[in-house]
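S.K.: Handing you a structure now.
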Amino acid sequence: MKKHHTHDSDYTLRFSPVLNSNGSVCFVDHFRNKESTIGLTVDDREFGCRVQRKFPSVVADLIDLAVAIHASDRLAVQHLRREQSRIRIVLPVRHPELLNTSSFQVKLETLLGWVTGSRWTFDFQKRTVPGRIVEQEEWIFPNEPEECEVALWSGGLDALAGLYTRFQTSHTASFMMFGTGSNDNVYARQELVFKALQPSFPNRLNLCRVPIRFSDSSLHQKNNILRARGVVFTLLGAAYAYLMGQKVLCVYENGIGAINLPYRASAVGLDHSRSVHPLTLLMVSDVVSELLGEEFRVCNPFLFWTKAEMSKALAEDRRSDLPPLTMSCDSPHRKRPIQCGYCSSCILRKQALAASKIKDRTRYVVPHGKRPAGDTSLYLHHMLTQVRTFRRLLSASDNPNFQWQALTREFLQLDDIVDRSAAAESLLPAEMQSRLLKLYQTYVAEWDTVKSRIEEEFLDKDSNQQVSSKLSLHKVEGLLP
């Protein structure tokens, strides 16, 4: 289908003021010459429990911006390998004089272009209606914590393992966890994991959640590639951290998943999510700092940890009961078992639990359920190919400088990460290179100890010989270690 050249965008989204109820967005699809109105609300009343007595209006604008990005990411269909989509957002805010500055818009458009591959433009107009309920109320946190860390809470294994590790290393800090989304299943998962963990750390753990809700959207085509989801989560988390008197928001994510290097040379840039990529966190920090008018930082304390290293704190306390409560799957099934067991996230989860010596009590489609049609070992093949590449590059020399040169010839983005984020990590470039080398060396070593166990799960009992032959063939062809 040819694009219409009479418009400067492929999709236009005109938002009414973002409200607790009865908000809406007019969605214009210039591809199909269709226009529709969709209900959209945000329930940010839990932000009433905060340290700051008055609700800063600029933080309310940050929340509105996150909601608008979320709606646009969901409604504007984007494709990995087609020409970039052009998305235009018209949004009423309290401080258009701040959000319309060229400095802020360049930072915002660069961030969204990086994570989605699309071109975003914004027109911020003056909001003329009163603020939401939470903006009109004064509040003070009942017992203001002396030492407080605010972090994102997804209901996933990394969030659980990261929080558990932080509890063990900081015996007095309180942790304020923040969750969001528009999916009831995700909310139930977040609460389930939180409640299971709470008795172990009484009076040190709080959960705040801000749901974004759509109505009348069931008749509209949805975008299945939600590339901006991580940005939305982080922007709202930054708002919560600021309301809690903090200038830092933590994201608990293992370094392998955060950097998310491509499995194969043919991968297109956005084949791999950049939700919590170090450069994404750096750019979100710049956007939030620009809007607030003071320095704010989004950091990942586990950038140089593998998922297995993060999970060791759970292993040491023998908490094998907690990981099965978490969700890692990229494509969860509607029927039990819910987690597929064969996507890259499920496989990394299995690898981490096995390498950290935690008995994995999670039920997966592979190997516990009825297998879907097709090759369920595809992601495993890709991941093992990548591990083989890491091993070859890192074993080319004993000299760390030569190892780094070999690694960055294959993965150019690693140099960019070091150049742009070493200072934010309070490291010299050489120090950051050394820590990244250790990260990938550890990851390869972990796979060496658990690879055969992970492979066994993909052997169908009815066709073991056939699958074994396939794996052997890949080894012969050099696709597997």
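S.K.: Go through region 291-303 and count every residue that is assigned to a helix (DSSP H, G or I) and surrounded by 21 or more Cβ atoms within 10 Å (Cβ to Cβ).
M.R.: Going through region 291-303 one residue at a time, the tally reaches 1.
S.K.: Next question, about the same structure. Quick check on Ser215: is it farther than 21 Å from Asp64 by Cβ and in the same structural domain as Val251 (by TED's automatic domain parsing)?
M.R.: It is false that Ser215 is farther than 21 Å from Asp64 by Cβ and in the same structural domain as Val251 (by TED's automatic domain parsing).
S.K.: Just checking, does region 295-317 include any residue being closer than 19 Å to Gln386 by Cβ, among the basic types (Lys, Arg) and at pLDDT 95 or above?
M.R.: yes
S.K.: Restricting to region 333-371, name every residue that is within 23 Å of Asp317 (Cβ to Cβ) and part of a loop (DSSP other than H, G, I, E, B).
M.R.: Passing the criteria: Ser356, Lys357, Ile358, Lys359, Asp360, Arg361, Thr362, Arg363.
S.K.: Starting from residues that are surrounded by fewer than 17 Cβ atoms within 10 Å (Cβ to Cβ) and among the aliphatic types (A, V, I, L, M), keep the ones in region 114-164 and report whichever is modelled with the lowest pLDDT.
M.R.: Of everything passing the filter in region 114-164, Ile140 is modelled with the lowest pLDDT.
S.K.: If you don't mind, another one. Can you confirm whether Val288 is in contact with a strand residue (DSSP E or B) (Cβ under 6 Å, 6 or more places away or on another chain) and either hydrophobic (A, V, I, L, M, F, W, C) or assigned to a helix (DSSP H, G or I) (or both)?
M.R.: No.
S.K.: Let me ask something else. I'm trying to understand the selection: among the residues of region 28-41, which are under 27 Å from the mean Cα position of the chain (by Cα) and surrounded by fewer than 23 Cβ atoms within 10 Å (Cβ to Cβ)?
M.R.: Hits for region 28-41 are Ile38, Gly39, Thr41.
S.K.: Against the condition of a type outside the set (Asp, Glu) and within 24 Å of Phe201 (Cβ to Cβ), how does Ser289 come out, does it pass?
M.R.: It is false that Ser289 is of a type outside the set (Asp, Glu) and within 24 Å of Phe201 (Cβ to Cβ).
S.K.: Further question: When you scan region 311-320, do you find a residue that is in a loop (DSSP other than H, G, I, E, B), buried (at least 24 other Cβ atoms within 10 Å of the Cβ) and touching a residue at least 24 places away in the same chain (Cβ under 8 Å), even just one?
M.R.: For region 311-320, residues in a loop (DSSP other than H, G, I, E, B), buried (at least 24 other Cβ atoms within 10 Å of the Cβ) and touching a residue at least 24 places away in the same chain (Cβ under 8 Å): absent.
S.K.: In addition: Is one or more of the residues making up region 401-414 buried (at least 21 other Cβ atoms within 10 Å of the Cβ) and either in contact with a His (Cβ under 7 Å, 6 or more places away or on another chain) or in the same structural domain as Leu160 (by TED's automatic domain parsing) (or both)?
M.R.: No, region 401-414 contains no residue that is buried (at least 21 other Cβ atoms within 10 Å of the Cβ) and either in contact with a His (Cβ under 7 Å, 6 or more places away or on another chain) or in the same structural domain as Leu160 (by TED's automatic domain parsing) (or both).
S.K.: Pick from Thr326, Thr306: which is crowded, with 20+ Cβ neighbours inside 10 Å, in contact (Cβ under 8 Å) with a residue 40 or more places away in the chain and within 30 Å of Ala373 (Cβ to Cβ)?
M.R.: On inspection, the qualifying residue turns out to be Thr326.
S.K.: Going through region 344-363 one residue at a time, which ones are under 13 Å from His333 (Cα atoms) and crowded, with 22+ Cβ neighbours inside 10 Å?
M.R.: If the condition is that a residue be under 13 Å from His333 (Cα atoms) and crowded, with 22+ Cβ neighbours inside 10 Å, then Cys346 is the only one that fits.
S.K.: Restricting attention to strands (runs of 3 or more DSSP E) lying wholly within region 111-187, give those where 2 or more residues are under 19 Å from the mean Cα position of the chain (by Cα) and within 22 Å of Thr306 (Cβ to Cβ).
M.R.: 148-152
The values are calculated or read from the model by the stated rules, or taken from the named source; none is laboratory data. Quantities reported herein were computed from a predicted structural model and do not represent experimental measurements. Cβ: placed from backbone, ideal geometry, glycine included. Neighbour counts: every protein chain shown.
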